[in-house]
1. Give me the base-10 log of I(q)/I(0) for region B:108-150 at each q in 0.21 Å⁻¹, Debye formula, one uniform scatterer per Cα, rounded to two decimals.
2. Note down the nm distance, to one decimal, between modelled labels 7 Å out along Cα→Cβ at residue B:167 and at residue B:196.
3. Which distances, shortest first and in nm, link residue B:184 to the matching position in the other copies, using label points set 7 Å out along Cα to C-beta?
4. Greater than 25 Å separation of Cα atoms is the criterion. Which listed pairs, A:173/B:58; A:195/B:79; A:109/B:52; A:59/B:166; A:76/A:109, meet it?
5. In terms of the Cα gyration tensor, with a ≥ b ≥ c the square roots of its eigenvalues, is region A:116-185 rounded because a/c is under 1.5, prolate because a/b exceeds b/c, or oblate?
6. Taking the label point as lying 7 angstrom from Cα along the Cα-to-Cβ axis, what are the distances from residue B:152 to the corresponding position in the remaining copies, in ascending order and in nanometres?
7. Give me the log10 of I(q) over I(0) for region B:54-155 at q = 0.21, 0.24 Å⁻¹, as the Debye formula computes it from C-alpha points; what are the numbers?
8. Taking the label point 7 Å from Cα in the Cβ direction, how far apart in nm is residue A:109 from each other copy of itself, listed shortest first?
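Bear in mind these aren't lab numbers, they're just calculated from the coordinates by the rules spelled out. Just so it is clear, the model here is predicted, and its values are computed rather than measured. Ideal geometry is used to build each Cβ from the backbone, glycine not excepted, and the neighbour counts take in all protein chains shown.
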2 protein chains.
Amino acid sequence: MTFLSLFFIFSRKFEYSIKNGYNLSKDTFTNSRSKRGLCMNNDTKIKEVMGKAIAEAKKTMNDNVGGPFGAAIIDKEGKIVSVSSNSVLRDHDPTAHAEINAIRAAGEKLGTHDLSGCTLVTTAYPCPMCLGAIIWSNINHVIYGCRPKDAEAIGFRDDFIYRFIKDDHPDKKILAIDEAFREQCLILFKEYQEKEKTLY
Amino acid sequence: MTFLSLFFIFSRKFEYSIKNGYNLSKDTFTNSRSKRGLCMNNDTKIKEVMGKAIAEAKKTMNDNVGGPFGAAIIDKEGKIVSVSSNSVLRDHDPTAHAEINAIRAAGEKLGTHDLSGCTLVTTAYPCPMCLGAIIWSNINHVIYGCRPKDAEAIGFRDDFIYRFIKDDHPDKKILAIDEAFREQCLILFKEYQEKEKTLY
């Protein structure tokens with residue numbers, strides 16, 4: 001069997017696992033990771049990192065700091081850069097999800113907004129806000145525990161927000177979005193386009 | 001013509017304007033706002049708030065603090081709660097978009113994660129990260145200037161991330177998402193479900 005055939009089989013298996021939300025076998029994991037050249041060599045490492053995320057979430061959840069969500073970021077070498085949890089209630093900050101907190105902490109620690117090559121391990125599938133943050137940060141691998149419907153079952157709106165985006169904002173009572181003064185804002189964009197700047 | 005017919009006509013006109021990304025006329029604006037019981041009585045107020053968002057964006061953009069994006073949050077009475085701009089570069093924080101910064105500042109100022117009744121005015125259509133943050137914060141009205149394709153035209157990935165979410169993560173090179181240790185994370189969720197807590 002050629003390398004290409006093997007690659008194809010694993011790709012299909014991997015895609016199927018993701019699409020159907022199944023737990024991935026150790027083999028599939030190892031293969032999918034090595035395909036992306038990531039750092040973690042075995043499930044023990046992922047288990048250790050997920051354990052830290054769970055422990056952090058448990059601690060802050062029991063102190064009423066926020067919901068039951070934890071996240072950790074690992075760099076290319078497998079070194080833990082940040083471990084955070086949800087702190088929405090304590091910080092009066094609706095954006096303070098575990099993933100956002102972990103990204104902000106990692107950015108601060110590494111001194112860059114660019115977390116290319118890092119992996120984010122999180123106790124639950126990221127909500128659209130966190131998924132957006134992950135892509136903006138250039139993290140290209142996420143390992144999650146619970147599914148959006150699991151979060152919905154304990155009262156969180158992750159899945160609802162995904163449906164809201166996919167269905168093109170069907171409910172104007174939830175959020176009405178109006179356009180105004182586009183011309184004035186385009187002047188700002190034009191000024192940006194013409195200036196010397198750091199693109200990101 | 002009955003009030004109901006008028007309401008219907010304006011609703012249709014308003015929906016059409018949003019769907020097609022057109023600039024809304026003053027009449028439509030006033031009507032859509034009054035329908036939602038929002039605070040701003042005329043376009044002059046919106047223009048003033050958008051002006052502040054643009055000015056803030058211009059200042060930080062020229063200092064290389066971040067991209068050309070500004071946002072302001074207004075409370076039920078039309079009082080400005082926060083004015084912020086993008087500070088991704090300065091803060092080494094990929095989540096520091098204008099809208100996220102404005103929400104965080106408003107939460108801190110008002111001492112709550114719940115910004116119900118507030119309106120967010122922003123120089124550009126919120127990216128999925130910011131849209132998620134807006135829904136989590138319970139803000140139910142957004143007024144934006146530039147469109148996602150305008151942001152794309154000057155090098156930003158807002159529109160790309162929308163397509164990525166809507167197409168169910170087609171490109172695994174951008175972001176691969178694996179599930180692992182769901183059972184362990186579900187234990188955390190169960191513990192949360194059973195404890196006394198502040199739901200949000």
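1. So the normalised log intensities work out to -0.68.
2. Going by the 7 Å Cα→Cβ label model, 5.1 nm.
3. Ordered by distance, the counterparts are at 5.3 nm.
4. Cα-Cα > 25 Å for A:173/B:58; A:195/B:79; A:109/B:52; A:59/B:166; rest within.
5. The shape class here is oblate.
6. 2.8
7. With one equal scatterer per Cα and no solvent, log10 I(q)/I(0) is -1.05, -1.33.
8. Once sorted, the set of distances for residue A:109 reads 3.3 nm.
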